[in-house]
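Step one of this worksheet: look at the structure below.
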Amino acid sequence: MSDDEQELGITERKEYSPGEWYAEVVQKAELADYAPMGGFIVTRPRGYALWEGVQDHLDEKFKKTGAQNAYFPALIPESFLERESDIVEGFDPEVAWVTHGGHEELEERLAFRPTSESIITPFMSDWVRSHRDLPLRLNQWCSVIRWEATETKPFFRTKEFLWQEGHTAHESEDEAWDETMTRLDQYENLYEDVLAIPVMRGRKPPHDKFPGADTTTTVEALMPDGKSVQGGTSHYLGQGFAEAYDLTYTDEDEEEAVAHTTSWGLSWRALGALIMTHSDDQGFVCPPRIAPEQVVVVPIWNEDNREEVLDYAEGVADDLEAADVRVELDDRDERNPGFKFNEWELKGVPVRIEIGPNEVEDEELTVVHRPDGENAVEGRENVGETVEDHFDKVYAKLYDAAKENLEENVREAYETSQILGTIGQHGGYVKTPWCGDQACEQVIKEEIAAEIVMVPMDRDEEPIGDECGVCGDEACETAYFAKSY
Ligand SMILES: [Zn+2]
């Protein structure tokens with residue numbers, strides 16, 4: 001192995017030091033770098049392409065279901081934030097404030113948005129007059145800043161992060177609740193179909209819902225290190241925000257009514273989950289649908305056959321491009337095939353096509369899967385369709401492995417020592433009957449930093465036992481405890 005090849009490799013091991021391994025994959029696969037300020041990252045083109053993949057998928061779904069994109073200012077006057085007291089309380093410790101414009105101190109401080117309900121809802125209020133203006137569904141793609149004092153972890157924990165935030169207003173609770181569920185379905189679909197990550201759906205416990213919300217729903221994904229990622233949240237806000245910002249309308253009987261609102265957000269944490277779930281000790285592993293390059297064609301030639309191998313490889317790449325496959329032809333002279341294989345494995349290209357003199361002679365190609373090196377010899381005809389079949393196979397391998405990890409790691413426990421012991425030993429989710437008191441979560445949190453990441457979506461679902469697994473009082477819910485990102 002040459003020096004170059006050694007440099008390419010990931011030195012940390014996912015199993016033993018997942019944190020260091022993750023940071024190395026992110027940097028060496030050229031997804032992101034650390035910015036000079038703690039808590040901020042620079043998203044490199046390969047990382048941003050992944051975010052664009054998320055955007056393309058969701059944006060199409062949002063638009064088909066009635067949402068329109070808009071853009072509101074990044075800075076919000078303090079007086080606007082203060083109109084909804086829960087938002088102020090919930091976000092105040094994390095708000096970044098602008099106090100000066102040039103050398104002048106501002107008369108009113110401006111918050112860099114931690115979320116935009118407080119600037120969007122007042123405008124929705126202006127724009128909505130009658131029930132005919134409802135429902136109103138807005139979405140914006142933007143960044144927000146939450147000044148959390150934690151160690152930087154690209155895509156998982158950063159002070160500034162990219163996300164989309166949707167904000168809608170409706171006539172009735174039922175409609176608003178349907179909206180809340182539609183968005184959660186779309187998030188689930190992104191995780192399952194595009195990112196090849198199975199998720200669980202549920203509600204956040206009351207003490208952990210979005211500030212001011214009636215109900216916060218979530219999709220949770222289990223990472224290979226046993227921690228849960230909150231993959232996206234969709235909030236039914238009730239009428240509290242509409243009341244605080246005068247979002248009222250005249251109903252069919254000409255009476256003034258208060259709207260029901262929702263908000264929903266998914267951030268680039270989805271990319272963190274993607275990288276963490278599938279990648280391995282060789283580098284980034286990416287499901288085909290979102291991969292910036294889906295196929296790399298690597299010609300393998302010697303002096304005698306260089307031209308014919310390259311011609312054939314170019315033809316294959318052209319056919320793939322014509323079939324709308326994102327393909328890269330790696331015809332670099334200065335690198336040998338082994339180096340190229342390593343580099344594209346590190347960068348997460350899901351399918352590699354190798355073409356040497358044998359393939360040319362037999363009018364074939366060798367197709368290799370990124371996650372496990374499985375290979376197959378295929379005919380040259382209909383290469384676009386052939387590759388699509390392999391995409392399906394690669395997707396299934398990734399999804400099935402993640403699904404198995406999830407299914408094996410949901411356990412039950414019925415007393416404190418069992419909850420602590422099970423999470424301590426295995427990670428994953430531990431279901432336990434719960435009385436609904438936050439103090440019982442605190443007991444577990446203080447011992448092993450695990451919390452209630454969700455409760456079942458159905459409020460009427462019977463708890464798995466009669467007595468709270470922590471305090472022994474009557475249980476009203478099943479709590480899912482896990483360590484989380
Ligand atoms: Zn309890």
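The values are calculated or read from the model by the stated rules, or taken from the named source; none is laboratory data. Remember, predicted model here, so these are calculated numbers, not experimental data. Backbone-built Cβ (ideal geometry, glycine too); neighbour counts: all protein chains shown. Side chains included, ligands, DNA and RNA excluded: accessible areas come from the protein's heavy atoms. Shrake-Rupley method; radii C 1.70, N 1.55, O 1.52, S 1.80 Å.
Odds and ends about this structure:
- Alpha-carbon centroids, region 376-396 and region 170-184: separation in whole Å: 41 Å
- Seen from residue 94, the other residues with C-beta closer than 9 Å to its C-beta sum to a net charge of 0, counting Lys and Arg as +1 and Asp and Glu as -1.
- Here is how the number arises for the chain: DSSP H runs of 4 or more residues each give -39500 (n - 2.57), the sum is divided by the residue count, and the result at 222 nm is -11000 deg cm²/dmol.
- Rounded accessible area of residue 290 (nearest 10 Å², 1.4 Å probe): 10 Å²
- Debye-sum result for the chain in log10 I(q)/I(0), which assumes one identical scatterer on each alpha carbon, at q = 0.07, 0.11, 0.13, 0.14 Å⁻¹: -0.45, -0.99, -1.24, -1.35
- Rounded tilt (10° steps) of 45-64 against the dominant C-alpha axis of the chain: 50 degrees
- Relative contact order computed over the chain (Cα-Cα under 8 Å; 6+ residues apart), in percent: 14 percent
- Spacing of the modelled spin labels on residue 49 and residue 68, each 7 Å from Cα toward Cβ, amounts to 3.4 nm.
- Solvent-accessible area per residue, Å², over region 12-278 with all protein chains present [probe radius 1.4 Å]: 41 Å²
- Candidate residues 446, 117: accessible-area rank, largest first, probe 1.4 Å: 446, 117
- Tensor-based shape of region 14-146 (alpha-carbon gyration tensor, a/c under 1.5 rounded, otherwise prolate or oblate): oblate
- Percent carbon-and-sulfur accessible area, the chain, ignoring ligands, DNA and RNA, probe 1.4 Å: 42 percent
- Whole-Hz ³J(HN,Hα) from phi, Karplus 6.51 cos²θ - 1.76 cosθ + 1.60, for region 290-305, glycine and proline x: 10, 5, x, 10, 8, 9, 10, 9, 10, x, 10, 10, 10, 4, 6, 10
- At a probe radius of 1.4 angstrom, the accessible area of region 293-392 per residue rounds to 49 square angstrom.
- Using heavy atoms of the protein chains and a probe of 1.4 Å, the accessible area assigned to residue 269 is about 50 Å².
- J(HN,Hα) series, region 81-86, from Karplus relation 6.51 cos²θ - 1.76 cosθ + 1.60, nearest Hz, glycine and proline x: 4, 6, 5, 10, 5, 5
- Note, ³J(HN,Hα) from phi for region 223-234, Karplus 6.51, -1.76, 1.60, rounded to Hz, x at Gly and Pro: 8, x, 7, x, 9, 9, 10, 6, x, x, 10, 10
- Accessible surface computed residue by residue for region 444-483, with neighbouring protein chains in place and a 1.4 Å probe, gives 52 Å² per residue.
- Against the chain, whose longest principal axis comes from its Cα atoms, helix 173-189 is set at around 20 degrees.
- Part-to-part distance (alpha-carbon centres) for region 242-257 and region 196-210, which is given in Å: 31 Å
- Summary of the geometry: region 27-81 and region 289-356, compared by the centres of their Cα atoms, lie 31 Å apart.
- When you filter the GluC sites (Glu not before Pro) in region 375-413 for DSSP loop state and at most 12 other Cβ atoms inside 10 Å of their Cβ, you are left with 381.
- GluC sites (Glu not before Pro) within region 244-296, DSSP loop, no more than 14 other Cβ atoms inside 10 Å: 252, 254, 255
- Rounded to the nearest 10 degrees, the inclination of helix 269-278 to the longest alpha-carbon principal axis of the chain is 40 degrees.
- For residue 479, the residues whose amide H sits under 5 Å from its own are 432, 434, ignoring neighbours fewer than 5 places away on the same chain, with H placed 1.01 Å from N.
- Taking every Cα-Cα distance in region 12-278 and sorting them into 5 Å bins from zero, the calculated P(r) comes out as 1, 6, 12, 16, 18, 16, 13, 9, 5, 3, 1, 0, 0, 0 percent.
- For region 12-278, size of Cβ-based charge dipole, Lys and Arg +1, Asp and Glu -1, in debye: 1500 debye
- Per-residue SASA entry for residue 51, accessible area with 1.4 Å probe, Å² rounded to 10: 10 Å²
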